[in-house]
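Data block below; observations after.
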Amino acid sequence: MKLEIDDEIEFPILGISTALGDYRLAWELNSKLNLKFQRSQEGKFFTIPDKSKKNIDYEYYSYVNEEEMSKFFLVKNKQKGSTLFSDRERLDFFLVLRDNFVWDEEDLLSDLRKIKGVIAVFSFSSAEFEFSEYLND
């Protein structure tokens, strides 16, 4: 499955360094930030080619709130023996703020840094990532 978005729109992507597993980080985000991340359904991935042009399926968590017009994705950087972004291999997760009309990015960065087990959080723009074109729900 290919998930597509409009390339013209830039949005923030937060890189997270943590020892927490994906399910635990999603749970922490849900409980500390009052979000409702859910794991992608069985068999639902986003597919992106790696450096050798081999397509890799990546699982993800998503949070969609129609009322708040928010659409976030949580993607683990290392999955199935492949690294999504080898140039950022020290980052364990990417929190993609695809649509965000509620959260202030600086407040979100601060809240994420307060979660026990989160070592560091960095902010990027979707323009810096090739995979952003594959994310949508």
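Ranking of GLU67, GLU106 by neighbouring Cβ atoms within 10 Å, starting from the fewest: GLU67, GLU106. For VAL96, VAL118, the sequence from fewest to most other C-beta atoms within 10 Å is VAL118, VAL96.
A short reminder: the numbers here are calculations on the coordinates, not readings from a lab. Note that the structure is predicted; figures quoted are calculated from it, not measured. Counting neighbours? That spans all protein chains shown, and the Cβs are built from the backbone with ideal geometry, glycine included.
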